[in-house]
Amino acid sequence: MDEKKLVTLAIESSCDETAVALIRGGREVLSNIISSQIDIHKAYGGVVPEIASRHHLENINHVTQRALDEAGMTMDDVDFFSVTYGPGLIGALVIGVATAKAFSLATGKPLVGVHHIHGHISANYLQYPDLEPPFMALVVSGGHTNIVRVTEYNDLHTIGQTRDDAVGEAFDKVARVLGLPYPGGPAIDRLAKEGDREAIHFKRVLLDDGTYDFSFSGIKTAVLNYVNGEKQKGNEVNAADVAASFQEAVLDVIVAKSVGAALDSGEDKLVVAGGVAANSRLREKLTEACGEHGIRLCIPPAVLCTDNAAMIGAAGHYSYIKGNTSDLSLDAIAHLPL
């Protein structure tokens, strides 16, 4: 069969989005249905794993049918199934993996397990039809902060990662300190536009340590100490200035290290993936830095940056055509190395 005509039904359930997509040829989105639980978890200030798992179980069949209907297809039109099997919340992952295995068993069609980060990076193939490896990738999300060198579609090497919190987690925690709603990333992004980026100096952690690694726990603590210190002195805290200064300090390091990794390796393309890739200031800074150095910058639209199944279908396609299929012993793995 023509590889460009292969259709995969892809499932993503690693956190709090129940998502199913139909993808043709690894590049064409036939449908991409996402059922978000953000409104449910807002009351708790973050994702509650048990609640997320239960809602995945309630939603998965309905979301699957919606994806098939939107694509104008049935299970007969599907060539194979792709599913995120890690990393992520174990209970949430189990629902997606069990569903994909059930579909595979019932139809007799192949199954492909997909690494969540591989999926995020592959979202760029859907937005940029001409994009091919090799390139450098920056993955920034609530659970991940990685710099990955992609030499082939299925050949990925992590060359830098966070040593503690992921950048999205740091955004959420700082937002909570400032009394902003969950999710914190978009709230910080909006508020920072009203503040002075140079009002408060927060240390650029690990900027010059000679690695491509990151650390965000220190700046999270620095923001908390600053806010508490100002309150103890009886001073009014300018939340917009704090948000803008925090964001600038974090993004300075991310941009310097990701662009530096591309330059050091001789790559002329930098692709960005993950929910934090939707941050407007990150996009501005990367556009400027890549422009200065003649690096092509690829960033998908917001709907392909946050967790979705289309990206899993793109990654699954390139795994499948290389013969990397899974059997029914495929299991969810919460902490899955790339």
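Coordinate-derived values only; no laboratory data. Given the structure is predicted, the values throughout are model-derived calculations rather than measurements. Methodologically, a virtual Cβ is constructed for each residue, glycine included, from the backbone with ideal geometry; neighbour enumeration extends over all protein chains shown.
Overview of values
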{"read-out": "Whole-number percent relative contact order across the chain, with pairs defined as alpha carbons under 8 Å at least 6 apart", "value": "25 percent"}
{"read-out": "Coarse-grained scattering of the chain at q = 0.06, 0.07 Å⁻¹, given as base-10 log I(q)/I(0) from a Debye sum over alpha-carbon atoms", "value": "-0.21, -0.29"}
{"read-out": "Using a Förster distance of 30 Å, the FRET efficiency for ASN228-THR287 (Cβ separation, nearest 0.05)", "value": "0.25"}
{"read-out": "Sequence-distant residues sharing a close amide H with SER31 (under 5 Å, placed H)", "value": "LEU22"}
{"read-out": "The range 135-300 - convex hull of alpha carbons, volume per residue in Å³", "value": "105 Å³"}
{"read-out": "Segment ASP327-ASP264, length gained on full extension (0.36 nm per residue, minus Cα span)", "value": "18.7 nm"}
{"read-out": "Full-extension gain in nm, ASN154 to TYR128, via 0.36 nm per residue minus C-alpha separation", "value": "7.6 nm"}
{"read-out": "Chain lengthening between ARG54 and GLU236 when straightened (0.36 nm per residue, less Cα-Cα)", "value": "61.3 nm"}
{"read-out": "At least 27 Å along the helix axis (C-alpha) and Kyte average at least -0.5, DSSP helices within the chain", "value": "239-265"}
{"read-out": "Simple label model, 7 Å out from Cα along Cβ direction - ILE90 to GLU194, nm", "value": "4.3 nm"}
{"read-out": "Local net charge near ALA192, Cβ-Cβ under 14 Å (Lys/Arg +1, Asp/Glu -1)", "value": "-2"}
{"read-out": "Cα-based reach from LYS109 at 27 Å (exclusive), listing lysines while leaving out same-chain residues under 8 positions away", "value": "LYS4, LYS5, LYS101, LYS322"}
{"read-out": "Inter-site label distance for ASP209 and ALA334 at 7 Å from Cα along Cβ, in nm", "value": "2.5 nm"}
{"read-out": "Local electrostatic count, LYS5, Cβ distance below 9 Å [Lys/Arg +1, Asp/Glu -1]", "value": "-1"}
{"read-out": "Among LEU138, LEU282, LEU328, residue whose mean-square fluctuation peaks in a GNM of the chain (springs only between Cα atoms under 10 Å)", "value": "LEU328"}
{"read-out": "Value of D in µm² per second that Stokes-Einstein yields for the range 227-336, Kirkwood Rh from Cα pairs, at 37 °C (0.692 mPa s)", "value": "189 µm²/s"}
{"read-out": "Inter-part distance where the range 217-265 and the range 69-91 are each reduced to a Cα centre, Å", "value": "39 Å"}
{"read-out": "Residues with amide H under 5 Å from that of LEU131, placed H, sequence gap 5 or more", "value": "none"}
{"read-out": "Amide H partners (placed H, <5 Å) of ALA309, local residues excluded", "value": "VAL20"}
